1. Taking the stretch 102-152, which residues are without any contact (Cβ under 8 Å) to a residue 60 or more places away in the chain and of a type in the set (S, T, N, Q)?
2. Filter the stretch 448-470 for residues that are under 30 Å from Gly414 (Cα atoms) and in a loop (DSSP other than H, G, I, E, B) and give the result.
3. Of the residues that make up the stretch 407-422, is at least one charged (D, E, K, R) and touching a residue at least 60 places away in the same chain (Cβ under 8 Å)?
4. Quick check on the stretch 399-411: of everything there that is crowded, with 16+ Cβ neighbours inside 10 Å and outside any helix (DSSP H, G or I), which residue is nearest to the chain's Cα centre (by Cα)?
5. Tell me which residues, restricted to the stretch 307-343, are in a loop (DSSP other than H, G, I, E, B), hydrophobic (A, V, I, L, M, F, W, C) and more than 22 Å from His453 (Cα to Cα).
6. Residues Val224, Val256, Val174: which one is in a strand (DSSP E or B) and under 27 Å from Leu341 (Cβ atoms)?
7. I'd like to know if the stretch 79-95 contains one or more residues that are within 15 Å of Leu17 (Cα to Cα) and among the polar types (S, T, N, Q).
8. Filter the stretch 205-226 for residues that are within 22 Å of Gly280 (Cα to Cα), surrounded by 14 or more Cβ atoms within 10 Å (Cβ to Cβ) and out of contact with any Lys or Arg (no Cβ under 9 Å at 6 or more places or on another chain) and give the result.
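The values are calculated or read from the model by the stated rules, or taken from the named source; none is laboratory data. Model, not experiment: these values are computed from the prediction. Note that we place each Cβ from the backbone using ideal geometry, even for glycine, and neighbour counts take in every protein chain shown.
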Amino acid sequence: MKITYRKAVTEKDKVLLVPFYSDLENVPEAYREWLKARLKSGDLTGKKDSHVTFYPGSSIEPGRIVFYCFGDLEEASSRRVRATLAKAVKLLRKHVMPELSIVFNNRFLQFPREIGEALALANYNQAIYKTGRDKREAEEKMIKKIFIISSEIDRVQKFEIDEGVKVGLAVNEVRDLVNSPHNFVDVETLSARAEKICAENKIKITVLDRKELEKLKMGALLAVNNGSNHPAKLVVMEYLPLGRRQDPIVLVGKGVTFDTGGVNIKPTQGLSEMHMDMAGAAAVLGVFMLLRDLDIRQNVIGLLPLTDNAVDACSQKPSDVITSFCGKTIEVGNTDAEGRLILCDAISYAIKKYKPSAVIDIATLTGACMVALGDQIAGMWGNNVQMKERMKNAALETDEEVWEMPIHEIHREGMKGKFADLNNIDGDTSGLAGACTAAAFIENFVEHTDWIHLDIAGPAMPKKPKEVDFPGASGFGVRLLTRFLQNIK
């Protein structure tokens with residue numbers, strides 16, 4: 001998708017989208033009276049998402065003009081502009097139109113990044129594995145060129161629109177990864193994708209294979225991997241624009257490429273979606289697609305512990321006792337609580353090797369988080385008030401919502417093992433506060449490092465997508481984490 005800027009509408013604009021607020025002040029004067037007549041006749045309500053099409057019939061004007069109402073100006077916000085523009089673009093994509101022109105004035109240009117994000121996020125092609133006519137039809141409905149028309153736009157606004165487009169396109173790549181089934185995206189292919197991203201962005205990458213993980217004694221990650229025919233890997237990405245002048249921020253993404261539940265096998269319902277259990281790792285990859293392009297001036301380390309959780313004669317069993325990388329022993333209360341096991345080894349490794357200023361882990365960790373918050377909001381836990389406030393602000397700016405959740409002493413007590421240091425579930429109150437006890441388990445491995453845990457089990461693949469999303473993967477976390485890093489001063 002290519003963005004081009006122009007100052008005026010011409011006859012070359014085949015389809016022109018004119019966003020407007022209900023007071024009509026930003027509608028080009030040539031069309032204002034026509035639009036007022038449509039409001040009077042009832043063809044247009046003037047409420048948010050109401051729209052009408054005008055065919056000028058003149059050789060010096062666009063062939064078709066679509067007026068799309070964004071509601072009342074008093075209710076304008078970053079969320080509304082992003083969401084409503086995405087809906088308008090989706091509406092127009094139903095027709096075959098490789099080019100789209102859009103008129104913006106400064107009422108809309110106060111939200112340039114949101115404009116860019118909406119244009120890219122709404123122009124997503126889900127038909128990645130379709131063939132023949134279905135594939136051709138989906139590709140034909142992709143918008144190849146967008147002309148942004150404004151006599152008022154300045155250099156900074158263009159820069160921010162372009163930045164928003166870059167972020168949206170990275171989210172689309174993450175959507176592709178998360179939507180892909182396990183026979184297309186497994187440990188090897190996800191690791192190879194990370195290597196490609198790092199090569200394209202000149203970022204150092206190290207991939208630790210199973211033999212190296214055995215030498216490092218990453219017992220928790222390896223225990224989850226025991227039943228798989230895809231050897232585990234730990235992908236380590238190092239973006240260090242500031243060299244040694246700054247302790248890095250570490251991002252850890254859960255990378256379970258398919259989760260059967262292991263010996264505690266999951267029920268059939270929902271099992272076909274368990275290829276999405278690597279959405280945390282994919283989100284971290286999305287951030288690394290952007291770090292250099294957005295010139296983020298933070299040292300960032302990305303860790304992706306990769307495995308699938310399969311059922312085999314060698315699979316870990318309930319009651320097994322395993323030894324994690326940091327030496328803590330863990331009773332396996334449930335093999336389907338595997339995400340926290342692979343995260344704990346990656347987090348411990350990051351703290352020992354990099355001595356980071358902060359750690360953020362992101363994972364599709366618990367169904368319990370969806371029970372608590374639904375499938376549009378991520379749960380957030382952490383040990384640093386200022387850091388959590390920054391994450392909340394980033395969530396407000398990106399509309400990737402988080403809600404702070406507690407770790408109470410009772411949750412910590414529930415994670416203590418009977419025969420080992422820890423248990424990976426609270427067996428006494430199994431099914432209660434499962435998201436909080438999972439966070440309490442991970443907390444045991446962060447030591448004194450500032451830390452945030454994001455449980456994205458719901459918003460990674462919500463049943464009811466937001467306006468900018470499509471059925472399937474949302475790419476949740478890319479915009480949130482990128483903005484969090486950009487906002488650090």
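1. The answer is Asn106, Gln110, Asn125, Thr131.
2. Filtering the stretch 448-470 down to residues under 30 Å from Gly414 (Cα atoms) leaves 448-462.
Hits for the stretch 448-470 are His448, Thr449, Ile456, Ala457, Gly458, Pro459, Ala460, Met461, Pro462.
3. Of the residues in the stretch 407-422, the ones charged (D, E, K, R) are 409, 412-413, 416, 418, 421.
Going one step further and asking which of them are touching a residue at least 60 places away in the same chain (Cβ under 8 Å), we end up with 418, 421.
Yes, because at least one residue in the stretch 407-422 is charged (D, E, K, R) and touching a residue at least 60 places away in the same chain (Cβ under 8 Å).
4. Taking the stretch 399-411 first, the residues crowded, with 16+ Cβ neighbours inside 10 Å are 399-402, 405, 407, 411.
Narrowing the set further to residues that are outside any helix (DSSP H, G or I) leaves 399-402, 405, 407.
Values: Asp399: 11, Glu400: 8, Glu401: 11, Val402: 12, Met405: 20, Ile407: 25 Å.
By that ranking, first place goes to Glu400.
5. If we filter the stretch 307-343 for residues that are in a loop (DSSP other than H, G, I, E, B), which is where we start, we get 310-320, 324-328, 332-338.
If we keep only those that are hydrophobic (A, V, I, L, M, F, W, C) too, we end up with 310-311, 313-314, 325-326, 332, 337.
Within the stretch 307-343, Ala310, Val311, Ala313, Cys314 qualify.
6. On the way: Val224 fails: in a strand (DSSP E or B); Val174 fails: in a strand (DSSP E or B).
Testing whether each residue is in a strand (DSSP E or B) and under 27 Å from Leu341 (Cβ atoms) leaves just Val256.
7. Yes, there is a match, as at least one residue in the stretch 79-95 is within 15 Å of Leu17 (Cα to Cα) and among the polar types (S, T, N, Q).
8. Here is the first cut: in the stretch 205-226, the residues within 22 Å of Gly280 (Cα to Cα) are 205-210, 213, 218-226.
Right, trim to surrounded by 14 or more Cβ atoms within 10 Å (Cβ to Cβ) and you get 205, 207-208, 210, 213, 218-226.
Ile205, Met218, Gly219, Leu221, Ala223, Val224, Asn226, listed by residue number.
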